[in-house]
Amino acid sequence: MLAIHGGAGVERAGLMPGEEAAAREALAAALLAGHAQLEAGKPALEAVTAAIAVLEDAPHFNAARGAVFNHFGRNELDTSIMDGATSRVGAAAGVSRVKNPILLARTIMEKSRYVMMIGEGADTFAKDQGLELVEPSYFHTEKRWRALQKAIKAEADVQARNETLELPGKAYFGTVGAVALDAQGHLAAGTSTGGMNNKRYGRVGDSPIIGAGTWADDRCAVSSTGWGEYYIRVGAAHEICARVRLAGDSLAHASEDVINRRIPKLGGNGGVIALDAAGNVAFPINTEGMYRGWIGEDGVPHVAVYADEPLPKP
Ligand code: ASP
């Protein structure tokens, strides 16, 4: 079983003609790429890595190519991965040269003595390890550039009126992630993002934070998308899995409670994908939509975009 997301910031009004269909195609391609790994008997970790790399390469999602810009017009990418079978993790924040940040997270996990690296140092490690580097312009998409200009203008207008800055809306986020269960019954999770549109001051969200944006253990795996500050405050991904592991809560109830009660109560929003060792999946969301999908043993990808759009049950 493999489940993926392409971010909880989808709004019907924000999609250009053809964009939704292209995003659905990319989600299906990511599911098939991950499923091929599982079918070949590879561990959950491989399925997560393969699916996320496809989503990173697609320009429709806020990760790698297609990532949002920071206030200064640069892309700063965050990512993390966790292997539930061994509790090994790798994470990177604020990188700007690695073509596929999820491969960097994986390499940090497997080839370094550390679990997390940031900025230039992380890019240098990627280079030393032979990962593919690209010019920063590779990540640039027109849509995200316009979103930055719009946010900067809205900020200036608010300041001119002497009003308090509005809180970030749904359109500020995106992110991609995957959770997988392999034939050995092992779980893994991973997440990759450009973070929040118009971010400043080296802001880092939940996506590279193990326990907030990503978690996997022997019972449960989660990848988050949403307003990262709130996901960090509740340790969202770990909180869901701890309830499953320690409190005997069902995956559906634990994830629903964290996403639709705890986080909104504090003022945050977003969604998660969650998977347990029995193959149950959950996709709780509190926004208008979340690009998401799953693929099981039969290899047929199932994809949905809007919150009210039914997704067949496994
Ligand atoms: N959670 C990410 C962050 O706060 C954004 C997202 O999900 O799109 O950086």
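The values are calculated or read from the model by the stated rules, or taken from the named source; none is laboratory data. Bear in mind that the values here come from a model prediction, so they are computed numbers and not experimental data. Methodologically, a virtual Cβ is constructed for each residue, glycine included, from the backbone with ideal geometry; neighbour enumeration extends over all protein chains shown. Calculation scope for accessible area: heavy atoms of the full protein, side chains included, ligands and nucleic acids excluded. Shrake-Rupley method; radii C 1.70, N 1.55, O 1.52, S 1.80 Å.
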Over the Cα atoms of segment 110-162 the radius of gyration and the largest Cα-Cα distance (Dmax), both in Å, equal 18.0, 52
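For segment 1-114, take N as its residue count and report Rg(C-alpha) divided by 2.2 N^0.38 Å. Mind dumping the intermediate values first?
Details: Rg = 14.9 Å, N = 114, 2.2 N^0.38 = 13.3 Å.
For segment 1-114, the normalised Cα radius of gyration comes out at 1.12.
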Here, trypsin sites (Lys or Arg not before Pro) of segment 100-141 satisfying both criteria (DSSP loop; at most 16 other Cβ within 10 Å) are 113
For the chain, the accessible surface attributable to carbon and sulfur atoms (probe 1.4 angstrom, ligands and nucleic acids excluded) amounts in percent to 53 percent
Between residue 161 and residue 120, the two model label points (7 Å from Cα along the beta-carbon direction) sit apart by a distance in nm of 4.1 nm
Under the rule rounded for a/c under 1.5, else prolate if a/b exceeds b/c, else oblate, using alpha carbon gyration tensor axes a ≥ b ≥ c, segment 199-250 is classed as prolate
Expressed in square angstrom to the nearest 10, the accessible area of residue 1 with a 1.4 Å probe stands at 40 Å²
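Taking 0.36 nm per residue of sequence separation and subtracting the Cα-Cα distance, how much length would be gained by fully extending the chain between residue 278 and residue 298, in nm to one decimal?
On the way: separation 20, 0.36 × 20 = 7.20 nm, distance 1.64 nm.
So the chain would gain 5.6 nm between residue 278 and residue 298.
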Expected vector for segment 74-86, Karplus 3J(HN,Hα) from phi with 6.51, -1.76, 1.60 and θ = phi - 60°, integer Hz, x for Gly and Pro, equals 10, 9, 10, 9, 10, 7, 7, 9, 9, 9, x, 5, 10
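When the helices in the chain are scored as -39500 (n - 2.57) per DSSP H run of 4 or longer and the sum is shared across all residues, what 222 nm value do you end up with, to the nearest 500 deg cm²/dmol? List each step's numbers first, then the result.
Values: 9 runs with 103 residues, N = 314.
Using -39500 (n - 2.57) per qualifying helix, the result is -10000 deg cm²/dmol.
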The extension gain from residue 87 to residue 152, computed as 0.36 nm times the residue separation minus the Cα-Cα distance, is 19.3 nm
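Could you provide, to the nearest whole Å², the per residue accessible area of the chain with probe 1.4 Å? Intermediate results must be reported in sequence, preceding the final value.
Working: 12970 Å² over 314 residues.
That works out to 41 Å² for each residue.
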Comparing 122, 183, 51 in a Gaussian network model of the chain (Cα, 10 Å), the one with the largest mean-square fluctuation is 183
Summing +1 per Lys or Arg and -1 per Asp or Glu among the other residues with Cβ less than 10 Å from residue 197's Cβ gives +3
Diffing segment 210-216: the Karplus 3J(HN,Hα) column from phi (6.51, -1.76, 1.60, θ = phi - 60°), in whole Hz with x for Gly and Pro, holds 5, x, 9, x, 9, 7, 8
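Can you give the local net charge around residue 253? Use residues other than it whose beta-carbon is closer than 12 angstrom to its beta-carbon, Lys and Arg +1, Asp and Glu -1. Intermediate values should be presented prior to the final figure.
On the way: positive: 243, 261; negative: 249, 256, 257, 276.
Once positives and negatives cancel, what remains is -2.
How long is the gain from residue 313 to residue 22 if the chain were fully straight, where each residue apart is worth 0.36 nm and the alpha carbon distance is subtracted?
On the way: separation 291, 0.36 × 291 = 104.76 nm, distance 2.34 nm.
That works out to 102.4 nm of additional length.
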Label model pair residue 252, residue 265: point-to-point distance (7 angstrom along the Cα→beta-carbon line) in nm is 2.2 nm
